[in-house]
Amino acid sequence: MSSTLVSGIGELVTCDGTGEDGLGLRRDAAIVVEDGLVAWVGDASSAGSDAATTTDHRVDLDGRALVPGFVDSHAHLVFAGDRGAEFAARMAGAAYDGGGIGVSVAATRAATDDELRTLVAARVAEMRAQGTTTVEVKSGYGLTVEDEARALRIAREVSPETTFLGAHVVPAEYAADRAAYLALVTGPMLQAAAPHARWVDVFCEPNSAHAFTGDEAREVLIAGRDAGLGLRVHGNQLGHGPGVQLAVELGAASVDHCTYLSDADVTALADAADTTVATLLPGVEFSTRSPYPDAAALLAAGVSVALATDCNPGTCYSSSMPFVIALAVREMGLTPGQAVYAATAGAAKALRRNDIGRIVVGARADLTVLDAPSHVHLSYRAGVPIARALDLPD
Ligand SMILES: N=CN[C@@H](CCC(=O)O)C(=O)O
Ligand SMILES: [Zn+2]
């Protein structure tokens with residue numbers, strides 16, 4: 001049993017739901033961590049007399065801000081290959097329709113297990129260096145029984161939050177027989193994937209030849225639920241589709257993208273705020289030149305909102321939660337505090353976790369330190385690497 005006193009915290013952002021934006025801010029705070037969990041939170045002055053004398057280690061943050069480790073609740077990390085040329089073409093005016101996913105599928109299938117493992121480990125390390133302490137990892141670039149199971153096995157080595165996304169697109173070899181691919185995804189592929197997955201996800205876009213219609217998506221989600229998996233949906237990314245309504249209908253934990261929302265979608269999300277989180281992915285709007293959804297209006301309507309990177313080779317090859325936070329503030333109307341809450345406690349809710357995303361007694365001590373005096377600097381100093389996950393002594 002090891003304990004550490006972390007003191008000199010100029011601004012402690014607990015995200016405990018109290019105060020402005022739910023940030024639960026404390027000045028000149030200290031915390032005690034015991035065996036990886038937060039054991040005490042209080043004023044530095046009171047820690048001086050009791051906790052400091054009994055803890056094994058001390059870490060002094062010298063006035064820096066401390067926030068909960070970022071929870072990146074939507075990422076596709078298991079892939080090989082590069083689609084920089086596709087990005088460049090989009091910046092020159094080409095539209096995104098999901099067609100490029102096949103390029104990543106071919107490269108991923110061709111990679112060895114060790115090559116994929118190395119790529120995934122590097123991406124997780126890159127995230128941690130920017131303050132992310134939990135990441136959800138999807139399959140979806142294998143699209144055969146073996147390749148999807150392999151992707152999830154590798155994902156499980158780095159995160160318990162693994163998501164089966166066999167219904168990412170209909171692969172080229174099934175283009176003439178969607179029904180056969182759907183039967184594979186909801187049958188043998190699901191059976192092979194489920195032991196390594198916590199969640200099932202589907203790319204639901206009725207106007208894309210590549211993604212799945214509302215009815216197809218419902219089949220995938222119900223099969224996943226019957227196999228014991230929690231539900232997530234890629235919805236309303238390319239246009240007004242049924243993804244949001246389907247996610248709410250089935251009680252999914254999260255519906256992600258939400259780029260195009262009708263008034264009825266917003267009402268449905270607000271009514272389902274205890275169950276279904278709207279996970280916004282502004283790096284995707286950035287990298288696909290799409291309109292940003294109005295996150296401030298969603299919060300005002302009572303919707304539960306999370307922020308995530310969607311790190312993937314097509315629509316957002318950024319692993320940076322600080323980048324996402326800055327975009328949400330500049331382009332989606334969130335305050336700096338609302339954006340930090342959505343990237344921590346809000347995203348923890350999207351994963352149905354209450355042991356992460358907050359710095360409160362009993363939570364995991366997943367901590368991110370800022371080389372700055374305030375959480376505001378995450379968006380104020382956009383592009384500057386001020387955030388990193390805090391490594392504590394063993
Ligand atoms: N839209 C579906 N899937 C990914 C993109 C995948 C890709 O283009 O490689 C997303 O979340 O944006
Ligand atoms: Zn995605």
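Things worth noting here:
- Whichever residue in the stretch 267-292 is away from ligand 2 (no atom under 16 Å from the Cβ) and out of contact with any helix residue (DSSP H, G or I) (no Cβ under 7 Å at 6 or more places or on another chain) and, among such residues, is least open to solvent (accessible area, probe 1.4 Å): Ala273
- In the stretch 358-372 there is at least one residue matching the filter, namely being of a type in the set (Lys, Arg) and not in a helix (DSSP H, G or I).
- Where Val384 falls short, out of the listed (1) surrounded by 24 or more Cβ atoms within 10 Å (Cβ to Cβ); (2) without any contact (Cβ under 8 Å) to a residue 24 or more places away in the chain; (3) aliphatic (A, V, I, L, M): (1)
- Check on Val324, within 23 Å of Glu20 (Cα to Cα), within 16 Å of ligand 1 (Cβ to nearest atom) and open to solvent by less than 40 Å² (accessible area, probe 1.4 Å): yes
- Among the candidates Gly224, Gly235, Gly251, residue that is open to solvent by less than 30 Å² (accessible area, probe 1.4 Å), modelled with pLDDT of 95 or more and within 16 Å of ligand 1 (Cβ to nearest atom): Gly235
- Restricting attention to the stretch 270-289, the residues being assigned to a loop (DSSP other than H, G, I, E, B) and within 10 Å of ligand 1 (Cβ to nearest atom) number 1.
- Residues that are under 23 Å from the mean Cα position of the chain (by Cα) and surrounded by fewer than 16 Cβ atoms within 10 Å (Cβ to Cβ) were ranked within the stretch 82-98; the one that is nearest to ligand 2 (Cβ to nearest atom) is Asp97.
- Looking only at the stretch 198-214, and only at residues there that are of a type outside the set (Phe, Trp, Tyr) and open to solvent by less than 10 Å² (accessible area, probe 1.4 Å), the one that is farthest from ligand 1 (Cβ to nearest atom): Val200
- The listed residue being more than 16 Å from ligand 2 (Cβ to nearest atom) and surrounded by 24 or more Cβ atoms within 10 Å (Cβ to Cβ), out of Ala295, Ala264: Ala295
The values are calculated or read from the model by the stated rules, or taken from the named source; none is laboratory data. What you see is a predicted model; the values in this text were computed from it and never measured. Reconstructed Cβ throughout: ideal geometry from the backbone, glycine too, with neighbour counts over all protein chains shown. SASA here: full protein model, heavy atoms, side chains in, ligands and nucleic acids out. Shrake-Rupley method; radii C 1.70, N 1.55, O 1.52, S 1.80 Å.
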